[in-house]
Amino acid sequence: MQDFYDELAPDHHLIFTDWDASIARQAKVLDRAVRRAGARPHPLTAPPRANPPPSFLATSTYKTSTGVE
């Protein structure tokens, strides 16, 4: 399997000449499939972070060169 992908990699750009259009098309197909399976749209929420940033980052402010926070 690894050899297959290693050989494919140099020509990968030829598979999707318009990446954005390909992703949009795939999203529509997947959306229909997921809806048919019974799922419905819902807001996405991020799971709790395993390694939250240090607390000083959450409370610090940034002043621009004009002194505005």
* Add +1 for every Lys or Arg and -1 for every Asp or Glu among the other residues with Cβ under 13 Å from the Cβ of Gln26, and state the total. => 0
* Ordering of 32-44, 13-25 by burial proxy (mean other Cβ atoms within 10 Å per residue, highest first) -> 13-25, 32-44
* Between Met1 and Thr45, take the C-beta separation as r, use R0 = 22 Å, and let me know the FRET efficiency to the nearest 0.05. => 0.05
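The numbers here are math on the coordinates, done by the rules we state, and not lab data. The structure presented is a predicted model; accordingly, all values stated were derived computationally and were not measured. Reconstructed Cβ throughout: ideal geometry from the backbone, glycine too, with neighbour counts over all protein chains shown.
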